[in-house]
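These notes concern the structure reproduced below.
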Amino acid sequence: MKNFFLVGIGGFIGSIARYYVSKLNLQYDIFSIPVGTLTVNVLGSFIIGILTGISAKSELLSAEWRLFLMVGLCGGFTTFSSFTNENLMLMHNGQFLTVLIYTSLSIILGFIAVYLGYTTTNLL
């Protein structure tokens, strides 16, 4: 039961953080790309990369902290379902090039971010 609460509290915090970052969608219009969701997914990838690197290299994060931070916080913060829905809406609007750019940026930048987060832990 403790693990459910850890994931739930982490998810609650991550979701609130996602809400504030996703407001960037309302402030910036760069090729109609949902900038807030892109930012959340890349930043979440970077954070989970750091946490994975720390977990692989030390006992600094207990199983409970990993659940709270990786499953709860990062899971609540990142927005793959929002990402796919936004792509669907862009497709419905005939913005196929934007879908291609947005999807490519999300995957490439997300992978780079998780890699950089993971390799950053080599500096610790």
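The values are calculated or read from the model by the stated rules, or taken from the named source; none is laboratory data. All values reported here derive from a predicted model rather than from experimental measurement. Please note: Cβ atoms are built from the backbone with ideal geometry, for glycine as well, and neighbour counts cover all protein chains shown.
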Checklist entry - Within the set of pairs 6+ apart or on separate chains, which have a first residue in segment 76-104 that is under 11 Å from Ser32 (Cα atoms), a second that is modelled with pLDDT under 95 and of a type in the set (D, E, K, R), and C-beta atoms under 8 Å apart? => result Tyr102/Glu86
Next on the checklist: Condition (residue is of a type outside the set (D, E, K, R), more than 30 Å from Asn3 (Cα to Cα), buried (at least 18 other Cβ atoms within 10 Å of the Cβ) and in contact with a helix residue (DSSP H, G or I) (Cβ under 7 Å, 6 or more places away or on another chain)) applied to segment 65-81: is it met by at least one residue?
Outcome noted: no
Checklist outcome for this item: Here, helices (runs of 4 or more DSSP H) confined to segment 1-106 with at least 3 residues that are within 23 Å of Thr119 (Cα to Cα) and modelled with pLDDT of 90 or more are 35-57, 63-66, 74-77
Next on the checklist: Tyr115 - would you say it is in contact with an Asp or Glu (Cβ under 9 Å, 6 or more places away or on another chain), surrounded by 12 or more Cβ atoms within 10 Å (Cβ to Cβ) and assigned to a helix (DSSP H, G or I)?
Outcome noted: no
Item to check | Contacts under 7 angstrom Cβ, first residue in segment 26-39 being closer than 18 Å to Thr84 by Cα, partner among the polar types (S, T, N, Q) and in a loop (DSSP other than H, G, I, E, B), 6 or more apart | outcome: Ser32/Gln95; Thr37/Thr79
Next on the checklist: If I go through segment 1-50 residue by residue, how many of them are aromatic (Phe, Trp, Tyr) and closer than 22 Å to Ala63 by Cα?
Outcome noted: 4
Next on the checklist: I'd like the full set of residues that are within 12 Å of the chain's Cα centre (by Cα), within 16 Å of Ser104 (Cβ to Cβ) and aliphatic (A, V, I, L, M), limited to segment 11-52.
Outcome noted: Leu38, Val42
